[in-house]
Structures are given as structure tokens and as C-alpha cells.
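This report concerns only the one structure given below.
The values are calculated or read from the model by the stated rules, or taken from the named source; none is laboratory data. Remember, predicted model here, so these are calculated numbers, not experimental data. Cβ placement follows ideal geometry from the backbone for every residue including glycine, while neighbour counts extend to all protein chains displayed. Heavy atoms of the whole protein, side chains included, go into the accessibility calculation; ligands, DNA and RNA do not. Shrake-Rupley method; radii C 1.70, N 1.55, O 1.52, S 1.80 Å.
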Amino acid sequence: MTHHMNLYNYSFNLIKNGYKTIDMRLNDEKRQTTKIGDTIEFTNTQTNEIIKCLVTNLYRYSSFTELYKNHNKFSIGYLNNENVNPDDKFAYYSKANIDKYGVLGIEINLLS
């Protein structure tokens, strides 16, 4: 199955350049259909460029705090000079929705 997801330019380029290997999402109804072996087509919201990735693993957690504790900062898209803060995700998702659905770490490999 192929899933279509949008990414802001910064995260898109981290995945495209091999730095970010885990995409973090709300585990809502749409994401609950994601399976290992599926393909994700990420669209850059700024440029409309598309990259394709293979889903290699799925990690389900009750919160982004839990997800951040279980994965190194580089795999989730932070660089050496950046502070890791799970509260960053509140810019994208409400606490009510995080509590309702939980979160999903989608481990990916870029396809050529």
C-alpha cells in the first residue's frame, strides 16, 4: 500500500539527505493503516517535490515524550547543535489528540 503524507521543507530535506530515519506522527485513523513494507510518498509542502520511502518498522507510544526517550535524536531529525524537546510536537498536534490516539514513529528507508 502507498500512503501520501506532507512534510515541511526542513524535515523533508533531512529525510531526503539520509539524516532523519523516523517520521513522527499522531497515530490517528489514517496512520493506523500503515504497515511494515508499505511505501510512503512524502510531498514537500514548499516545493511539491516527492520522495518515496519504504516503511521498515513501526513504533507505537502513548506520547512524544516516550517516543523521544526510545530513539536517538538524530534518527528523529535533530542535529548535533539542536536541543531535543518533545514539546516541539505541540506546534503540530494538540495534547487532546495525542492523549486520544497516541503517537507513531515510522522508521523509513529512502527508495531510489
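Listing for the model above:
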| item | result |
| --- | --- |
| Of all residues in segment 45-54 being in contact (Cβ under 8 Å) with a residue 12 or more places away in the chain and either of a type in the set (F, W, Y) or touching a Ser or Thr at 6+ places or on another chain (Cβ under 9 Å) (or both), the one that is most open to solvent (accessible area, probe 1.4 Å) | K52 |
| Filter result for S62 (modelled with pLDDT under 95, of a type in the set (S, T, Y), open to solvent by 50 Å² or more (accessible area, probe 1.4 Å) and closer than 22 Å to D28 by Cα) | no |
| The lone exception for N57 - which of (1) more than 12 Å from the chain's Cα centre (by Cα); (2) at pLDDT 95 or above; (3) surrounded by fewer than 13 Cβ atoms within 10 Å (Cβ to Cβ) it fails | (1) |
| Yes/no for Y93 being aromatic (F, W, Y), open to solvent by 30 Å² or more (accessible area, probe 1.4 Å) and closer than 19 Å to L7 by Cα | yes |
| Matching entry among K35, K20 (being exposed (fewer than 14 other Cβ atoms within 10 Å of the Cβ) and not β-branched (V, I, T)) | K35 |
| Evaluation of L7 against (1) within 13 Å of the chain's Cα centre (by Cα); (2) within 11 Å of C53 (Cα to Cα) (one fails), failing number | (2) |
